[in-house]
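For reference, the structure discussed in these notes is given below.
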Amino acid sequence: MSVTEANYLKNKVKSLAGNTQTIKSDFTQYKHIDFLSNDIESKGKLTFKEPDQVKWEYTQPYTYSIIFKDQTVYINDDGNKKNLDVGGNKLFERLNNLIASSIRGDMFNTNEFDMEFFKDGDEQLVHFLPKDPQLSEFINAFHIKFSKIGDVVEVKMIEPSGDYTQIVFSNRTTNQPLSDADFSQ
Amino acid sequence: MRILASSILFIFFVACASFPKKQQFTQVTTSTHNIINPYFSDTSKDYVYKANIDAFGNSFGGLFIVKKIGENNHRMVFTTEMGNTIFDFSIKNQEFTIHKILKDMDRKILLNILQQDLTALVTEKLEVSQHYQKGQQTLSESQLLSKKHYFYFQQNQLKRISRTKNGKEKVAHIFNSVEGDFAKSIQIIHNNLPLQLTFKAL
């Protein structure tokens, strides 16, 4: 991808992210571990409300939800509920911001990431490589695939071992009104 | 006084009795020389479990994944539901290798516990040192990582592994919902520590 094309993509994604107050989407997650015969597949629903409320709700093959809201993590593990107060935890704050940013694709922060841009047919792919060693201990790279209009269609988080988690979004709707019930545990 | 002395003696002997004796098993001779644990023996299978770990008042979940990658060679990974790796170990010929562990969990005492528990979980073949029987139930004694283990079989199906010390069970591996050579539900319970691992097949 040329520098002009990369800048065009950046501006498009930033502008779209700025105008996105809510997202609802289905997702399929593939956990790839090199020594396994098959990727581990799970499915669920993602709900996002700006600036940083996120709910990941897994429905298959297990029932599990994790909500990031008001400096608290709310977990519902098949009926077992648990809250973690993470106020003041800088790493958590960064992680939450990162998750919220990656859903919208707006991670074009040169202080935090080195970036590489690729074209894949109609889709565009950006590799975000964390500069902070504290973060790169967990994630070597985020590969985010964007649709023609700049929506995130896929996020791949690659661990230092090369194993990765790939999340593919489908049935995405934006800026539909969401209530507190959408972020209930 | 005599009754009291007899009671004390009786309690003393029961307390000192071996683990099989306490379970009312009697020693028998057998031509069986090996114990077979079949639950992680298929190289073509990915063993994937939803896991819950209750440890010292904290509870957390994730996925526990085991793969037999060769003879006496298993790889096992624990990840969060969202896919982040918590630990990644190999056990080859009972030798334990750490490929990855979160810094917060990198504690010798915890690693020793996991090494013992997971080696007992996946080791397929062990030499029998003693054999005991109670009706249709059998109990086979063996040494694993220099600790005494008893393998409890009911109708030739492995139901429980008990790690013992001084005739008392310290750790139990319990296998339930067994279909063929696949245990769909596994619990590892520590009797002397507030630590319990529960695995349910996905």
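The values are calculated or read from the model by the stated rules, or taken from the named source; none is laboratory data. None of the values given here were measured: they were computed from a predicted structure. Methodologically, a virtual Cβ is constructed for each residue, glycine included, from the backbone with ideal geometry; neighbour enumeration extends over all protein chains shown.
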Where in region A:91-185 are the strands (runs of 3 or more DSSP E), entirely inside, with at least 3 residues that are of a type in the set (D, E, K, R) and surrounded by fewer than 17 Cβ atoms within 10 Å (Cβ to Cβ)? A:113-120
One residue is enough: does region B:113-125 have a residue meeting the conditions over 14 Å from the mean Cα position of the chain (by Cα) and either over 30 Å from A:Glu57 (Cβ atoms) or of a type in the set (D, E, K, R) (or both)? no
Looking at (1) within 14 Å of another protein chain (Cβ to nearest Cβ); (2) of a type in the set (Gly, Ala, Ser); (3) part of a helix (DSSP H, G or I), find the lone condition where A:Ser15 falls short. (1)
Consider A:Thr20 carefully, then state whether it is in a loop (DSSP other than H, G, I, E, B), at pLDDT 90 or above and either under 20 Å from A:Thr173 (Cα atoms) or more than 13 Å from every other protein chain (Cβ to nearest Cβ) (or both). yes
Scan region B:94-107 and give yes if some residue there is more than 29 Å from A:Ile99 (Cα to Cα), over 17 Å from the mean Cα position of the chain (by Cα) and assigned to a helix (DSSP H, G or I), otherwise no. no
From the list B:Ile69, B:Ile65, B:Ile86, B:Ile113, which one is away from every other protein chain (no Cβ under 11 Å) and either among the β-branched types (Val, Ile, Thr) or surrounded by 20 or more Cβ atoms within 10 Å (Cβ to Cβ) (or both)? B:Ile113
Does B:Lys184 satisfy the criteria of being farther than 19 Å from B:Val66 by Cβ and in contact with a Lys or Arg (Cβ under 8 Å, 6 or more places away or on another chain)? no
Could you say whether any residue in region A:159-175 is closer than 26 Å to B:Asn58 by Cβ, of a type in the set (A, V, I, L, M, F, W, C) and either touching a helix residue (DSSP H, G or I) at 6+ places or on another chain (Cβ under 7 Å) or within 14 Å of another protein chain (Cβ to nearest Cβ) (or both)? no
Which one is surrounded by the fewest Cβ atoms within 10 Å (Cβ to Cβ), of the residues in region B:159-175 that are farther than 16 Å from B:Asp117 by Cα and touching a residue at least 12 places away in the same chain (Cβ under 8 Å)? B:Lys168
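Residue by residue, here is whether (1) under 26 Å from B:Glu141 (Cα atoms); (2) among the β-branched types (Val, Ile, Thr) holds:
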residue: B:His33; (1), (2): yes, no
residue: B:Ile36; (1), (2): yes, yes
residue: B:Ala55; (1), (2): no, no
residue: B:Leu63; (1), (2): no, no
residue: B:Thr80; (1), (2): no, yes
residue: B:Gly83; (1), (2): no, no
residue: B:Lys103; (1), (2): no, no
residue: B:Arg107; (1), (2): no, no
Which one of A:Leu36, A:Leu9 is away from chain B (no Cβ under 14 Å), surrounded by 13 or more Cβ atoms within 10 Å (Cβ to Cβ) and either out of contact with any Leu (no Cβ under 8 Å at 6 or more places or on another chain) or at pLDDT 90 or above (or both)? A:Leu9
Inside region A:32-53, can you point out the residues that are under 30 Å from B:Gly70 (Cβ atoms), assigned to a loop (DSSP other than H, G, I, E, B) and among the charged types (D, E, K, R)? A:Asp34, A:Asp39
